[in-house]
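Quick notes on the structure that follows.
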Amino acid sequence: MDILNNIFHKKHLDKPIENLIYFKSKEVLIENIGNEVIKSDIDGEKGPEGSLEIKCLFEGIEILGIN
């Protein structure tokens, strides 16, 4: 819960949080490595499996990934 609190208050921008990757991009392509299956979760619901291509809208949302 501390990680979510830090993200909400933007403290992660001043002091890096362990295992949190923060970046901005217009497009992100996530591909499988070997036989590993990528599972996705979209707003709490099961999303598509496999490679993902994410395109962000100008002034849309920021995507945070936890490694």
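Structural remarks
- Residue pairs whose Cβ atoms lie under 9 Å apart, sitting 6 or more positions apart in sequence or on different chains, and linking a residue in the stretch 51-62 that is part of a strand (DSSP E or B) to a partner that is at pLDDT below 70, are Ile54/Ile63.
- Filter pass, Ile21 being at pLDDT 70 or above, not acidic (Asp, Glu) and not in a loop (DSSP other than H, G, I, E, B): yes
- Selection from the stretch 22-47 of residues that are more than 15 Å from the chain's Cα centre (by Cα) and either surrounded by 10 or more Cβ atoms within 10 Å (Cβ to Cβ) or touching a residue at least 40 places away in the same chain (Cβ under 8 Å) (or both): Asn32
The values are calculated or read from the model by the stated rules, or taken from the named source; none is laboratory data. Note that this is a predicted model, so its numbers are computed, not measured. Note: ideal-geometry Cβ built from the backbone for every residue, glycine included; neighbour counts use all protein chains shown.
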